[in-house]
Amino acid sequence: MIGRMIDRLLILAMLGPELALWRRAGRRPVVWWRDDDARRTGPALTLLLGMSARYSVPLTVAAIPDGDLAALAGACGVTPGVELAIHGFRHENRAAPGRPSGEVVDGDSLAEVLASLDTALAAFAKAGVRPSLFVPPWNNVHRTLETALAVRGLGLSGYDGMLAPEALPPRVDAHLDIMRWKPTARFRGARRFLDRARRLLAERRRKRAWNEPIGLLTHHLDHDEAAWRFLALILPVLQPQARPLLSAEVASQAA
Ligand SMILES: [Zn+2]
């Protein structure tokens, strides 16, 4: 109860003045929402989709292809504005010890990565889903993976990059992680989260990059109570919109 009140006041104090500057300019930040690591349905997914529905905010659920995609597609399909993206092949860390975690590594051939990607696409197709976005586990963007995504006409979502709808592959990133990961997963904390949100907003306003999106990142399976509580407070403030479209999608919509 007190935690909720403090978070509410912090949001007002730390984001209010910046958001007022946007309103004065007649602008609204473009925020989109990505959640990672879904494999199957469960209580945490129900909570996540419930929040998307309650606040009428669209959501991109990045799902690992080796789970129960049919059940996931069913659950996501009944919530308006929820799309599925591909979150890796098996979410398996294949990096050498001491290197950043990643699933695609140096030495993987393009043919091997394409084969893994096609297996993933087939798993989604079997569940009746045609995803248009790939989210590499640990946001590890490997050059060979990028080439494979370009060949298959898929978009890419990593962390902290600028929107590049015309790039090959086209790219739209997440920037604002609600969690901290070291030493263990937990809520990032309202101050840290809001500090970064304010900085990202101010950067865009100063550059007059009004439409440069900010990607909110969540991991429903890892949220503690504080993360869920804060998410419920910040969603109505940030009002995430549908994920920005990438070039291939714009082309297919025009066709
Ligand atoms: Zn992941």
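Within the range 26-33, is there a residue that is at pLDDT 95 or above and more than 16 Å from Gln241 (Cα to Cα)? Walk me through it before giving the result.
As a first pass, look at the range 26-33 and keep what is at pLDDT 95 or above: 26-33.
Next, only the ones that are more than 16 Å from Gln241 (Cα to Cα) stay: 26.
Scanning the range 26-33 turns up at least one residue that is at pLDDT 95 or above and more than 16 Å from Gln241 (Cα to Cα).
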If you check every pair at least six apart or on different chains, which have Cβ atoms under 9 Å apart with a residue in the range 120-145 that is of a type in the set (D, E, K, R) first and a residue that is not in a loop (DSSP other than H, G, I, E, B) second? Lys126/Leu69; Lys126/Ala70; Arg130/Leu121; Arg130/Phe124
Criterion violated by Asp118 - all others in (1) assigned to a helix (DSSP H, G or I); (2) under 21 Å from Thr60 (Cα atoms); (3) in contact with a Leu (Cβ under 7 Å, 6 or more places away or on another chain) satisfied: (3)
Whether any residue in the range 236-245 is at pLDDT below 95, away from the ligand (no atom under 16 Å from the Cβ), hydrophobic (A, V, I, L, M, F, W, C) and within 18 Å of the chain's Cα centre (by Cα) is what I want to check. yes
Near pairs, Cβ below 8 angstrom, 6+ apart or cross-chain, from the range 55-79 (farther than 23 Å from Leu156 by Cα) to any residue that is of a type outside the set (A, V, I, L, M, F, W, C) and within 16 Å of the ligand (Cβ to nearest atom): Ala71/Arg40
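Among the candidates Val141, Val135, single out the residue that is open to solvent by 30 Å² or more (accessible area, probe 1.4 Å), within 16 Å of the ligand (Cβ to nearest atom) and at pLDDT 95 or above.
On the way: Val135 fails: open to solvent by 30 Å² or more (accessible area, probe 1.4 Å).
From the options Val141, Val135, the qualifying one is Val141.
Is one or more of the residues making up the range 99-112 among the hydrophobic types (A, V, I, L, M, F, W, C), touching a residue at least 60 places away in the same chain (Cβ under 8 Å) and not in a loop (DSSP other than H, G, I, E, B)? Please lay out each step first, then the result.
As a first pass, look at the range 99-112 and keep what is among the hydrophobic types (A, V, I, L, M, F, W, C): 104-105, 110-111.
Restricting the remaining residues to those that are touching a residue at least 60 places away in the same chain (Cβ under 8 Å) gives none.
No, there is no match, as no residue in the range 99-112 is among the hydrophobic types (A, V, I, L, M, F, W, C), touching a residue at least 60 places away in the same chain (Cβ under 8 Å) and not in a loop (DSSP other than H, G, I, E, B).
The values are calculated or read from the model by the stated rules, or taken from the named source; none is laboratory data. Computed from a predicted model, the values in this text were never measured in an experiment. So basically every Cβ, Gly included, is an ideal-geometry build from the backbone, and we count neighbours across all protein chains shown. Ligands, DNA and RNA are excluded from the accessible area calculation, which covers all protein heavy atoms including side chains. Shrake-Rupley method; radii C 1.70, N 1.55, O 1.52, S 1.80 Å.
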